There are 2 protein chains.
Amino acid sequence: MTQSKAPAKRADAQRSIAAILDAATESLSRNPDASVSEIAKAAGVGRVTLYGHFPSRADLVDAAFAHAIEDGHDALEAVDLSGDPRLALARLIESSWQLVDRFRSLLLAAQSVLPPGRIRALHEEPMQRVQHLIERGQAEGVFRSDLPTSWLVGTMHSVMHNAADEINAGRLATDQAADCITATVLAAFTPPGHRIPTLTDL
Amino acid sequence: MTQSKAPAKRADAQRSIAAILDAATESLSRNPDASVSEIAKAAGVGRVTLYGHFPSRADLVDAAFAHAIEDGHDALEAVDLSGDPRLALARLIESSWQLVDRFRSLLLAAQSVLPPGRIRALHEEPMQRVQHLIERGQAEGVFRSDLPTSWLVGTMHSVMHNAADEINAGRLATDQAADCITATVLAAFTPPGHRIPTLTDL
């Protein structure tokens, strides 16, 4: 009896978790301060069930943020990273920014309850893609090699999140963001002594 | 009687607040997770007194962070911002970074409980200094004018905080940080079409 019940229970739990993560991602994308009660209601589960899977609001925000990054995997995987590394970088920034902007409110929720190191750790997979592209650009001499590669990866991460902060603060229009990020990251990656490229020249 | 007591009470309260802020700045600079009880103990006040002035740990971290920024005022005020704006920027980064590095643990405490917009708002005064220098560099044609000034201010803020994150994560040595920040911010501020300067050329 227990043996036949256990898989059904596990399937139930998995359905609950999936519903909670979808509801959390959706609710926090509308309102970074969405409460656990609101999320439980949107997921159609009780608060006790929710707390059974996610002991604190921070755990729930962490899981919803990881869920959103997983969601973006296919879009980033589809970006053509071949050819001139600077143009490939511009394409990768464009697609990455669309995701950051879509999940801007969820990012704010995460930034309010998680330390920056945790937010960065959740970006491990998209960051590896950036790192490989930087390494190729360094090997081809179009990106600077005099600073640590990890520093350049972190620079792109923080410049992109700065755009989200600037929009949240009302200092930047959403449609200016991708151009600002691309211009700044391209400049930051350019080797010393080289001219700052403009996309139209490449 | 009440009239003579009131100022004494206010003076008492001010002494308590000052002791709490010093203790909070000191404790959080050693351990970003320092508890309210630890801070009250270090300040020589009871928890009830502390909570009377700072209703939550987040309020206390916020006040300690504001206190640390005020502490840095004189050091930044002493920086010579005249002459070539790029060299002035390098000097300002050097002094600002010393402060960020000194309060790196307190910054981490703040980042874990305050949203990025609040952390940025607490930097209002040092950021205005950066903004004036950028405007002068733009007027003299050595900093780019094709991106919003507020964007460049935010870029310097986030690149500097990225250095703190990278050190916390063990990916950057403390003594590499100022050079990385200066190189990246100088590049980010260089007008398109211009060569990325190196400090030794200026």
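The values are calculated or read from the model by the stated rules, or taken from the named source; none is laboratory data. Since we're looking at a predicted model, the values are computed, not measured. Quick reminder, even Gly has a Cβ in these numbers, built from the backbone with ideal geometry, and neighbours come from all protein chains shown. The protein model used for the area step is the full one, side chains on, heavy atoms only, and it has no ligands, DNA or RNA in it. Shrake-Rupley method; radii C 1.70, N 1.55, O 1.52, S 1.80 Å.
Numerical summary
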{"item": "Sulfur and carbon atoms: percent of accessible area, the protein assembly as shown [1.4 Å]", "result": "52 percent"}
{"item": "Whole-angstrom gap from the stretch A:146-190 to the stretch B:70-127, using each part's C-alpha centre", "result": "19 Å"}
{"item": "Overall form of the protein assembly as shown per C-alpha gyration tensor (a/c, 1.5; a/b vs b/c)", "result": "oblate"}
{"item": "Global form of the stretch A:101-202, assessed from the alpha-carbon gyration tensor, a/c cut-off 1.5", "result": "oblate"}
{"item": "Positions from the stretch B:151-166 whose accessible area shrinks by 10 Å² or more when the full protein complex is built, not the chain alone, probe 1.4 Å", "result": "B:151, B:154, B:155, B:158, B:159, B:162, B:165, B:166"}
{"item": "Farthest toward positive dipole pole in the stretch B:1-139 [+1 Lys/Arg, -1 Asp/Glu at C-beta], among B:25, B:58, B:85", "result": "B:58"}
{"item": "Backbone N within the stretch B:71-96 under 14 Å of label point (7 Å from residue B:139 Cα along the Cβ vector)", "result": "B:82-85"}
{"item": "Dipole-positive endmost among B:200, B:6, B:108 within chain B (Cβ charges, Cα centre)", "result": "B:6"}
{"item": "Contact order normalised by residue count of chain A, Cα under 8 Å, 6+ apart, percent", "result": "19 percent"}
{"item": "Amide N of the stretch A:169-202 lying under 13 Å from the label point, which is placed 7 angstrom from the Cα of residue A:150 along Cα→Cβ", "result": "none"}
{"item": "Summed residue charge, Cβ within 12 Å of residue B:184's Cβ, Lys/Arg positive, Asp/Glu negative", "result": "-2"}
{"item": "³J(HN,Hα), Karplus 6.51/-1.76/1.60, whole Hz, each residue of the stretch B:53-67, x for Gly, Pro", "result": "8, 10, x, 9, 4, 4, 4, 5, 4, 4, 5, 5, 5, 4, 4"}
{"item": "Radius 11 Å from Cβ of residue A:173, net charge of other residues (Lys, Arg +1; Asp, Glu -1)", "result": "-2"}
{"item": "Tensor-based shape of the stretch A:1-97 (alpha-carbon gyration tensor, a/c under 1.5 rounded, otherwise prolate or oblate)", "result": "oblate"}
{"item": "Estimated [θ] at 222 nm from DSSP helical runs (n ≥ 4, -39500 (n - 2.57)) normalised by residues in the protein assembly as shown, nearest 500", "result": "-24500 deg cm²/dmol"}
{"item": "Rounded to whole Hz, the Karplus (6.51, -1.76, 1.60) HN-Hα couplings of the stretch A:10-17, x for glycine and proline", "result": "5, 5, 4, 4, 5, 5, 4, 4"}
{"item": "Å² of accessible area per residue within chain B, as computed with a 1.4 Å probe and no ligands counted", "result": "46 Å²"}
{"item": "For residue B:22, inter-copy label distances in nm, listed shortest first [label point 7 Å out on the Cα-Cβ vector]", "result": "5.8"}
{"item": "Exposure of residue B:38 as accessible area (Å², to 10), given a probe of 1.4 Å and all protein chains", "result": "90 Å²"}
{"item": "Dipole magnitude of chain B, debye to nearest 20 (Cβ charges: Lys/Arg +1, Asp/Glu -1, about Cα centre)", "result": "680 debye"}
